Structures are given as structure tokens and as C-alpha cells.
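Colleague: Sharing a structure here in C-alpha cells format.
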There are 2 protein chains.
Amino acid sequence: MALDFPGPATGRHPLRRQEVTEQIKAFILRNHLKPGDPLPTESVLCESLGASRSSVREAIKTLSALDIVEVRHGHGMYVGRLSLVALVESLAFRVQLSSRDDFTVLGEVIGVRQLLEQGLAASLVAALEEPHFDALAALVSEMRELADKGETFVEQDRAFHLLLMEPLKIDLVQQLTGAFWDVHSMVAPLLAPSTADGRETADAHAEIVAAARRRDVAAFQAAIEAHYGPVRKQLATHLRDSGNAVDGRPEGR
Amino acid sequence: MALDFPGPATGRHPLRRQEVTEQIKAFILRNHLKPGDPLPTESVLCESLGASRSSVREAIKTLSALDIVEVRHGHGMYVGRLSLVALVESLAFRVQLSSRDDFTVLGEVIGVRQLLEQGLAASLVAALEEPHFDALAALVSEMRELADKGETFVEQDRAFHLLLMEPLKIDLVQQLTGAFWDVHSMVAPLLAPSTADGRETADAHAEIVAAARRRDVAAFQAAIEAHYGPVRKQLATHLRDSGNAVDGRPEGR
DNA sequence: GAGGCGTACGACGTCTGACGTCCTATGCTT
DNA sequence: AAGCATAGGACGTCAGACGTCGTACGCCTC
């Protein structure tokens, strides 16, 4: 009856899976690995960590969801790209869940997108150079062409907003921009099946570039405002039209 | 030899685990579940989804990492809180990984924290009311007391920055503030073992409140700047002092 | 009869072993 | 030399058993 007195309130046995998770992270840190570097195979991990394959695999699934580990079937495991996919997945689901009743979360996502670009307006206007303007203008041209043909231009749109942030050379900001764009576009179809006024949107992007070219911070911010205005309006319209009429549920069950 | 012709380039068999993941998410959406609502047990999921327990469990580990599903040992499974823990975990690891050589990522995290508060300066100054000022001032008092006793006040610091964002009533912004704060504080010990000039930091917070009370947007932004200034400076100092001397590695292995 | 303790059951956690699928590489065939 | 066939390594899936955690029911004690 060896009475190993129980630890504090929290679980006495630190879950095996959790331990393995931490040890794999520690392994990456300890060996200074970079994204893409190979990791030990499952069987090796099982041995060296003294855990069963189940525990190791479940730990890896957690790390995989966070893009800390990347698994390639048939190849092996590698250090992940440490992107923000987890944020995107998580937020996208939250938006979908809240979309049953209202679109508040989607509205907040759009608000954050706008905040990022407007909050950095001064830095951006100062940092953008001719090559950037040319590339941005080229994207706007593509958008216009596609809009006139009645097609969409999601890829150009994403590229535009990423490129806009590029001169800052701040990875995190660029990735956040991409992440929130992804969430937005991933759930946009829920609003209206491509009701986007293509031409109008393309013109809004053009105005952003024009203002930046003139190094006019105020105009730049106004252009951003004008870009997101229609989006918000569309959201509000959708709220009023369908509202909680999606299903007869007036409020909380 | 029933030859079911292979699908497109990408994996012909959509991984079972992946399917289960999507189906669980769909289940939550379809039934309009909210955070905290109970989910079917593992065994029920295995039956209804026709998958083995391993696949179901691995799928759940993924959803658990994204805080879409919460597992309570001995109790059962529930809809998660849909927080931003995944972002925190992911970013924190990235900061640790980059900390071996430089602290660029940590610097970027701090930059985003600053961007959030400065970018919303106008809205915040307009939205803050007396009760907020009082609560914020109370936190500053606590900070000062603790600082004078030579103790730290991480909890008060976090509460301060969250409360600052509260009047906006934008959940996402508040959660992002908390998330980036968490990342920052989670990795701060790597910089210097609580070298924080407590008193100075507390005063910086006081100045933020004072500026907001005067409804002075410019002063508010300046106070934010002054708050993060020392933090950045500490970071730069640490970079110069220890630099890549953490271990003798001059550069990439 | 009220309170406390022990057992039974449900649900998640871990382990083991086997087989399927994907990819690569080796070596034979043409 | 080019192409195919086979063997091996590594991840994916399945099945069954046992351990741990919590709860609830029921027995025992007072």
C-alpha cells in the first residue's frame, strides 16, 4: 500500500499524450530544427519516449493541428510550417456557428481586417515603393478584366491584400492578414452566392493604390474605409433580410 | 478485381480521420450546439460514423487542439469554448523556436499588441466611461503596491489590457488582445528573469488611463508608445548582449 | 432515519498486435 | 538504357483488452 500522496488539485497523472506532446516540442527546440526538417518516425518516438503508438499518434494529431508537425503519408514526419492555419480553422468554425443566428463574428473579422490595414496606413504609405505599386496595379487590372467577364477574382484579391502588407517586412502581420482574409472568404459564400459587385470592388482596390501613390495617408485610410463599406453593408442587408428567419428559432433553445 | 478507378491527383481515399473530423463539426453546426453542450460519446460516434475508435479519437484530438471540442476525462465530450488557444500555442512555439537565434517573432508579437491598442485609440478614448477609468485606476494601484513590494503583477497587467478593450464590445478584439498578451508573457521569461522595472511599468499604465480620461487621443497613443518602448528596448538589449551567444552556434547548422 | 463508505457502471486514456495504403528504392526484364 | 515488378519503410486504420477518472446507487454504520 505505498501511499504516494496525491499531487495538487489538478490530475495526478499527467496524461501520457500530453507528456509526449511536450517532449516532441522540446525535441524540436532542443535540436534547433526548422520547418521542413525531418522528425523521428512513429516507431522511434515510441521507443525513445516509452509510449505506445496510440499515445504518440494522438499527440502528433494535436501538433499537426497547430502546424507544428507535418505528416506525409508514406514519407514520414517533418517540422510544420508554423502557419496560422489553426487560427483560421478555429475562427472559421466560430463564424459558421454564429452564422445560424447572426453574423456578428464575421463582422468582427472584417473589422479586424480593416483595423490592420488602417492602423498601419502611415507605415504602409511610407514603405510602399514603385515596384509595389506596379504589382498592385497589375492585380487591379486583372480584377477588372475578370469582373467585366463576370468572373470572380478571389486569388487576386488575396494577393492584393498580402502584397499591400509586404513592404513592412513583418511576417506576423502578413500572416494575420492572410489568415483573416481566409476566414472571411471561407465563410463569405454563406452570405450571398457571389453577389459581389466585381467592378465596384476592383475600383475600390484601385483607389487604395492611387492614394498610396500620392503618399496621402488620409486618402489611403478613406479608401480602405470605402473598400470595406460595401462588405459591411452587404452583411447588414443579409442580416435584415433573412435574419433569424433561417430557421424558425426566435432565440436560444 | 473490382477496379474503382482512382480519384484526381490528391489522395483517392479521403482519410477516415479527416472525414470524421468534418462530420463532427457538421454535427455541431447542424444541431446549433453552443459551447458547453454535450456531444455523443466515443462509442456512439464510432457506431454512427462507422469508424474505429482510433480514427474517432484522433479526429477529436485535432478538434480538441482547436478548442472546438472539449474532453473531460470520466465525464464525456462537450462543445469547446472556441477560444484562441490554438493561436496562442502555435505562436508561442514559434517564438520559442526563433528565440534561439533572434527574437524577431517576439518583437512582431509586441508590435501587433501595440498596433491593436494604437489603432483603436480613437474608438477607445470615445468609448471608455467613468466605471472603466475607476476599474483601470484600481488595477494601477494594485500594480504600484505590488511593485513597491518587489513583486510581479502579471495578472493585473493582463486584466488591464483586457479591460481597456472591453468598452468596444468586440469579442474578437478582446480575445486577440488576450491571446497576444498570453504569447508575450508566456515567452517573456526567456528574455530576462523578471527584470521588469515594476514601478516604471505601473506608471506607464497610469499615464494611459490619464490620457484616456482627458479624451486626448494623441496623448493616449503616446502613452501606449511609452508603455511598449521599454519592452522593445529590453528586447533589443537582450539581443545585443547575448545575441547568438546562447550557444556557440554562429549560424545555421 | 441520516450520514458515510464501498461498489458498479459509464466514459475517456493507454497498450498491443495486425493489416491496409502510400511512397521510394532496388533490381530484373525487355 | 528505359520500364516494370517487387520489397521495404512509414503512416493509416481496425480490433480488443485493460487502466483511470467520476458519478451514482446501495449497503452499512451510528
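Colleague: Can you give the Kirkwood hydrodynamic radius of chain B from its Cα pairs, in Å with one decimal? List each step's numbers first, then the result.
Modeller: Numbers: mean 1/r = 0.0463 Å⁻¹.
Evaluated on chain B, it is 21.6 Å.
Colleague: Considering only protein heavy atoms, with the full assembly of protein chains and a 1.4 angstrom probe, order A:Lys25, A:Lys149 by accessible area, largest first.
Modeller: A:Lys149, A:Lys25
Colleague: Once you mark the GluC sites (Glu not before Pro) that are in a DSSP loop and have at most 16 other Cβ atoms within 10 Å, what is the longest gap between them in chain A? Intermediate values should be presented prior to the final figure.
Modeller: Values: sites that count: A:Glu129, A:Glu151, A:Glu251.
Maximal segment without exposed cleavage sites: A:1-128.
Colleague: Let me spell out the model: positive unit charges on the Cβ of Lys and Arg, negative unit charges on the Cβ of Asp and Glu, origin at the Cα centre of the protein assembly as shown. What dipole size does that give, in debye rounded to 20? Display every interim value, and only then the final one.
Modeller: On the way: 54 positive and 70 negative charges, 244 e Å.
The dipole magnitude comes to about 1180 debye.
Colleague: If eta is 1.567 mPa s and T is 4 °C, what Stokes-Einstein diffusion coefficient results for the stretch B:16-79, Kirkwood Rh from Cα pairs, in µm²/s? Before the final figure, lay out the partial values.
Modeller: Values: Rh = 11.5 Å.
Stokes-Einstein gives a translational diffusion coefficient of 113 µm²/s.
Colleague: Further question: For Cα pairs less than 8 Å apart in space and 6+ apart in sequence, what is the mean separation divided by the residue count of the stretch B:29-138, i.e. the relative contact order in percent? The partial results should precede the final answer.
Modeller: Values: 76 pairs, mean separation 21.2, N = 110.
Result for the stretch B:29-138 is 19 percent.
Colleague: So, one more: Any chance you could tell me what percent of the C-alpha pair distances in the stretch B:111-224 go past 20 Å? Intermediate values should be presented prior to the final figure.
Modeller: Working: 2514 of 6441 pairs.
Across the stretch B:111-224, Cα pairs with separations above 20 Å total 39 percent.
Colleague: Ratio of Rg to Rh for the protein assembly as shown, alpha carbon only, Kirkwood?
Modeller: Working: Rg = 24.7 Å, Rh = 25.4 Å.
In the protein assembly as shown, Rg relative to Rh is 0.97.
Colleague: Run the dipole for the stretch A:27-120 about the Cα centre, Lys and Arg Cβ at +1, Asp and Glu Cβ at -1, nothing else charged, and hand back the magnitude in debye, nearest 20.
Modeller: Working: 10 positive and 11 negative charges, 48 e Å.
The calculated dipole for the stretch A:27-120 is roughly 240 debye.
Colleague: Same structure again: Hey, got the dipole for the stretch A:16-79? About the Cα centre, +1 on K and R Cβ, -1 on D and E Cβ, debye to the nearest 20? Numbers along the way, then the final one.
Modeller: Working: 9 positive and 8 negative charges, 12 e Å.
Roughly 60 debye, rounded to the nearest 20.
Colleague: According to a simple spin-label model (label point 7 Å from Cα along Cα-to-Cβ), what is the distance in nm between A:Arg12 and A:Lys169?
Modeller: Result: 5.6 nm between the two label points.
Colleague: Could you work out how far apart the two model spin labels at B:Asp101 and B:Tyr78 are, taking each label as a point 7 Å from the Cα in the direction of the beta carbon, and quote it in nm?
Modeller: In this crude spin-label approximation the distance works out to 4.4 nm.
Colleague: Karplus couplings for the stretch A:118-131 from phi (6.51 cos²θ - 1.76 cosθ + 1.60, θ = phi - 60°), rounded to Hz, Gly and Pro as x?
Modeller: So the J values, rounded to whole Hz, are 6, x, 9, 3, 4, 4, 5, 4, 6, 8, 5, 10, 3, x.
Colleague: In peptide B:81-89, how many Cβ atoms from other protein chains are near each Cβ within 10 Å, on average? Show your work: numbers first, answer last.
Modeller: On the way: counts 1, 8, 2, 5, 3, 12, 9, 3, 8.
If you average over the peptide's residues, the count of other-chain Cβ atoms is 6.
Colleague: Okay, next question. Over the protein assembly as shown, average the accessible area per residue using a 1.4 Å probe and give it in Å², no decimals.
Modeller: Details: 25590 Å² over 506 residues.
Ligands and nucleic acids excluded, the result is 51 Å² per residue.
Colleague: Choose one of B:Leu97, B:Gly198, B:Ala59: the residue whose Cα lies farthest towards the positive end of the charge dipole of chain B (beta-carbon charges +1 Lys, Arg; -1 Asp, Glu; about the Cα centre).
Modeller: Of the listed residues, the answer is B:Ala59.
Colleague: Also, I was wondering about something else. With a 1.4 Å probe, how much accessible area is buried between chains A and B, both sides summed, in Å² to the nearest hundred? Show your work: numbers first, answer last.
Modeller: Working: alone 15060 and 15030 Å², together 25590 Å².
That pair of chains buries around 4500 Å² in total.
Colleague: What does the accessible area of A:Asp171 come to, in Å² to the nearest 10, when a probe of 1.4 Å is used?
Modeller: Here the accessible area works out near 90 Å².
Colleague: Still on this structure, I have one more. Once phi is turned into ³J(HN,Hα) by the Karplus curve 6.51 cos²θ - 1.76 cosθ + 1.60 with θ = phi - 60°, what whole-Hz value does each residue of the stretch B:105-111 show in order, with x for glycine and proline?
Modeller: 5, 4, x, 5, 4, 4, x
Colleague: Among the chymotrypsin sites (Phe, Trp or Tyr not before Pro) in the stretch A:134-203, which ones are in a DSSP loop with at most 13 other Cβ atoms within 10 Å of the Cβ? Mind listing them? Please list the in-between numbers first.
Modeller: Values: sites: A:Phe153, A:Phe160, A:Phe180, A:Trp181; in loops: A:Phe153.
Nothing satisfies the criteria.
Colleague: Let me know the mean shielding of A:90-99 by other chains, meaning the per-residue number of their Cβ atoms within 10 Å of its Cβ. Don't jump to the answer; show the numbers that get you there.
Modeller: Details: counts 12, 7, 2, 9, 12, 2, 4, 10, 3, 1.
Neighbouring Cβ atoms belonging to other protein chains average 6 per residue here.
Colleague: Still on this model: What list of ³J(HN,Hα) values in whole Hz, one per residue of the stretch B:21-30 in order, does the Karplus curve 6.51 cos²θ - 1.76 cosθ + 1.60 (θ = phi - 60°) give from phi, with Gly and Pro shown as x?
Modeller: 3, 5, 5, 5, 4, 4, 4, 4, 5, 4
Colleague: What is the set of long-range amide H partners of A:Val79 at a cut-off below 5 Å, with H atoms built 1.01 Å from backbone N?
Modeller: Counting only residues 5 or more places away or on other chains, the set is A:Gly36, A:Asp37, A:Leu39, A:Glu70.
The values are calculated or read from the model by the stated rules, or taken from the named source; none is laboratory data. Because the structure is predicted, anything quoted here is derived from the model rather than measured. Note that we place each Cβ from the backbone using ideal geometry, even for glycine, and neighbour counts take in every protein chain shown. These area figures cover heavy atoms from the full protein model, side chains too; ligands, DNA and RNA do not enter into them. Shrake-Rupley method; radii C 1.70, N 1.55, O 1.52, S 1.80 Å.
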